[in-house]
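*Asks:* Below you'll find the structure I mean.
The values are calculated or read from the model by the stated rules, or taken from the named source; none is laboratory data. Keep in mind it's a predicted model, so treat the numbers as computed, not measured. So basically every Cβ, Gly included, is an ideal-geometry build from the backbone, and we count neighbours across all protein chains shown. Note: accessible area is taken over every heavy atom of the protein model, side chains too, but ligands, DNA and RNA are not part of it. Shrake-Rupley method; radii C 1.70, N 1.55, O 1.52, S 1.80 Å.
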Amino acid sequence: MNYDAALDTAIERLHTEDRYRTFIDIERTRGQYPHAVWNKPDGTTQPVTVWCGNDYLGMGQHPVVLAAMHEALDATGAGSGGTRNISGTTVYHKRLEAELADLHQKEAALLFTSAYIANDATLSTLPRLFPGLIIYSDALNHASMIEGVRRNGGAKRIFRHNDVAHLRALLAADDPDAPKLIAFESIYSMDGDFGPIAEICDLAEEFGALTYIDEVHAVGMYGPRGGGVAERDGLMDRIDIINGTLAKAYGVMGGYISASARMCDAIRSYAPGFIFTTSLPPAVAAGAAASVRHLKDDQALRSSQQTQARILKTRLKGMGLPIIDHGSHIVPLIVGDPKHTKQLSDMLLTDFGIYVQPINYPTVPRGTERLRFTPSPVHGPREMDALVRSLDSLWSHCALNRAELAG
């Protein structure tokens with residue numbers, strides 16, 4: 001086989017379908033976020049404003065987080081030195097897990113190197129703990145959940161997105177004595193819609209199923225202490241396993257699950273994705289713990305972020321732009337064509353210094369390609385005005401191109 005030719009064919013297919021992903025070299029400057037510098041391919045630089053970052057609250061720049069990381073770095077050095085089982089468990093990891101267990105009012109928490117790994121490792125391990133387990137997974141669950149469910153070797157059922165009636169029918173059709181788990185998200189990141197948590201919990205109780213919720217886009221952001229949508233709605237006690245990230249609203253890195261002490265102990269003991277992975281650097285764990293601790297009390301920051309999201313959605317709606325608004329902090333602008341989504345993204349960057357990545361298939365269905373804006377408390381009136389003016393200038397241009405393409 002000509003391996004190089006096969007690679008060229010695979011890459012060219014993405015170019016042909018206008019789905020090839022281009023990395024933009026962004027250099028953040030401490031204290032200046034969302035402003036950054038674009039290191040262009042020709043060696044020059046250009047100031048940009050980041051509008052697609054997942055550092056939802058700007059905590060990656062927060063003095064409390066930076067101070068904790070500096071302190072831990074000076075005290076312990078760079079890396080953890082091993083897996084959690086072999087020299088990689090430090091006081092910083094234990095403190096972070098305690099903060100997370102307290103956040104979700106669970107007995108324990110288990111730290112992973114990312115929320116992707118936490119989902120994959122946990123969901124792929126559960127059938128080993130519960131032989132015959134059937135996992136019921138929302139059709140729009142994140143790739144990490146899909147991968148974990150796919151790899152576990154057990155039975156799976158896919159229910160239509162947020163369709164509680166379909167989920168009920170699938171549950172009712174299976175052996176009532178079989179162990180069951182329902183896996184879903186609190187906020188689906190591409191449309192920004194909410195999962196029907198209470199209704200799913202009702203079904204789980206009726207059919208004797210465990211519940212597994214991904215709160216990645218909600219932790220730090222919702223609830224009186226940032227515990228997520230389940231906390232906001234008073235439902236955390238009805239969820240068996242909560243998955244979250246430390247890389248979005250908390251502004252650092254890492255992922256976790258929070259559950260009963262028995263559940264966390266079993267996953268810790270059986271999941272290869274936990275057992276055989278070097279643990280997070282102590283400084284990262286320290287920064288994450290400081291961020292979680294701070295956001296338990298900073299409701300003003302959460303409120304400011306929600307206000308910014310409402311303002312942006314109101315202004316874009318006023319311009320007649322096709323945004324999706326489910327009431328969350330995520331602002332998707334539907335373009336509907338991969339070529340023009342990329343074109344719009346490129347023109348925003350080069351002509352206006354606004355950085356927002358195109359979202360194309362397979363992340364979203366074909367025909368729903370979009371730009372996904374994530375306003376934050378550090379996007380002020382000046383940044384908002386600049387974004388709105390640039391979109392007003394470019395949208396009609398791209399609309400003409402789409403019309404020409406259709407004609």
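*Asks:* List every residue whose amide H lies under 5 Å from the amide H of Ala247, counting only residues 5 or more places away in sequence or on a different chain, with H placed 1.01 Å from N in the peptide plane.
*Replies:* Under 5 Å from the amide H of Ala247 lie the amide H atoms of Val252, Gly254, each far enough along the sequence or on another chain.
*Asks:* Quantify how much of the Cα-Cα distance distribution of the chain extends past 39 Å, in percent.
*Replies:* 21
*Asks:* Let me ask something else about it. Quick one: if you stick a label point 7 Å off each Cα along the C-beta vector at Asn85 and Ile275, how many nm between them?
*Replies:* 0.4
*Asks:* Percentage of Cα-Cα pair distances in segment 236-355 greater than 17 Å, rounded to whole percent?
*Replies:* In whole percent, the share of Cα-Cα pairs in segment 236-355 beyond 17 Å is 74.
*Asks:* Under the Kirkwood approximation applied to all pairs of distinct alpha-carbon atoms, what is the hydrodynamic radius of segment 181-240 in Å?
*Replies:* It is 11.4 Å.
*Asks:* Also: Work out which trypsin sites (Lys or Arg not before Pro) in the chain are exposed loop sites (DSSP not H, G, I, E or B, at most 11 other Cβ within 10 Å) and give the longest gap free of them.
*Replies:* 31-407
*Asks:* Determine, from the Cβ-Cβ distance of Met319 and Arg382 and an R0 of 22 Å, the FRET efficiency 1/(1 + (r/R0)^6), rounded to the nearest 0.05.
*Replies:* Working from the Cβ atoms, E equals 0.75.
*Asks:* Using θ = phi - 60° and the Karplus curve 6.51 cos²θ - 1.76 cosθ + 1.60, what whole-Hz ³J(HN,Hα) does each residue of segment 321-330 get, with Gly and Pro shown as x?
*Replies:* 7, x, 8, 9, 10, 9, x, 8, 7, 8
*Asks:* Something else about it: Using only Cα atoms, what Kirkwood radius does segment 65-174 have, in angstroms?
*Replies:* Mean inverse Cα-Cα distance, inverted, gives 16.7 Å.
*Asks:* Going from the alpha-carbon gyration tensor of segment 145-197, what semi-axes, largest first and in whole Å, does one get by taking the root of 5 times each eigenvalue?
*Replies:* 21, 15, 8
*Asks:* Same structure, new question: Using the alpha carbons of segment 176-308, what is the convex hull volume per residue in cubic angstrom, as a whole number?
*Replies:* In segment 176-308, the Cα convex hull volume per residue is 129 Å³.
*Asks:* Structure shown: which of Lys317/Lys342; Lys313/Lys339; Lys180/Lys296; Lys248/Lys342 lie over 26 Å apart, alpha-carbon to alpha-carbon?
*Replies:* Listed pairs above 26 Å: Lys180/Lys296.
*Asks:* Then there's this: Which semi-axis lengths, in whole Å and largest first, follow from the square roots of five times the eigenvalues of the Cα gyration tensor of segment 43-125?
*Replies:* 28, 19, 16
*Asks:* Further, regarding this structure: How many nm separate the modelled label positions at Thr16 and Asp174, each set 7 Å beyond the Cα in the direction of the Cβ?
*Replies:* For the pair Thr16/Asp174, the computed spacing is 4.0 nm.
*Asks:* Oh, and also: Just subtract the alpha-carbon distance of Ala198 and Asp237 from 0.36 nm times their residue separation and send over the number in nm, one decimal.
*Replies:* That pair, Ala198 and Asp237, stretches by 12.9 nm at full extension.
*Asks:* What part of the accessible area of the chain, given as a whole %, is carbon or sulfur when the probe is 1.4 angstrom?
*Replies:* 54
*Asks:* Can you give me the long-range amide H partners of Asp193? Hydrogens built in the peptide plane at 1.01 Å from N, cutoff under 5 Å, separation of 5 or more residues or another chain.
*Replies:* Residues meeting the amide H criterion: Tyr188.
*Asks:* Name the residues whose placed amide hydrogens come within less than 5 Å of the amide hydrogen of Thr83, ignoring near sequence neighbours (fewer than 5 apart) on the same chain.
*Replies:* Residues meeting the amide H criterion: Gly88, Ser279.
*Asks:* To continue, here is another question. Zone of Ala155 (label point 7 Å along Cα→Cβ, backbone N under 17 Å): which residues in segment 170-185?
*Replies:* Label zone hits: 170-183.
*Asks:* If you don't mind, there's one more thing I want to ask. How much of the DSSP beta bridge set in the chain is antiparallel, as a percent to the nearest 5?
*Replies:* Antiparallel: roughly 55 percent of the beta bridges in the chain.
*Asks:* Averaged over every viewing direction, what's the projected area of the C-alpha convex hull for segment 116-186? Give it in nm², one decimal, please.
*Replies:* 4.4
*Asks:* Moving to a separate point now. So how far apart, in nm, are the two label points at Thr9 and Asp297 if each is 7 Å from Cα heading toward Cβ?
*Replies:* Between Thr9 and Asp297, the label points sit 6.1 nm apart.
*Asks:* So for segment 107-252, considering every pair of alpha-carbon atoms, how many percent are separated by more than 27 Å?
*Replies:* Percentage above 27 Å: 14.
*Asks:* Kirkwood Rh over alpha-carbon pairs of segment 1-153, then Stokes-Einstein at 25 °C and 0.890 mPa s: what D in µm² s⁻¹, rounded to an integer?
*Replies:* 121
*Asks:* Now a separate question. Give, in nm to one decimal, the length gained when the segment between Ser396 and Asp346 is fully stretched (0.36 nm per residue of separation minus the Cα-Cα distance).
*Replies:* That pair, Ser396 and Asp346, stretches by 16.5 nm at full extension.
*Asks:* How much accessible area per residue does the chain have, counting only protein heavy atoms and a probe of 1.4 Å, in square angstrom?
*Replies:* 43
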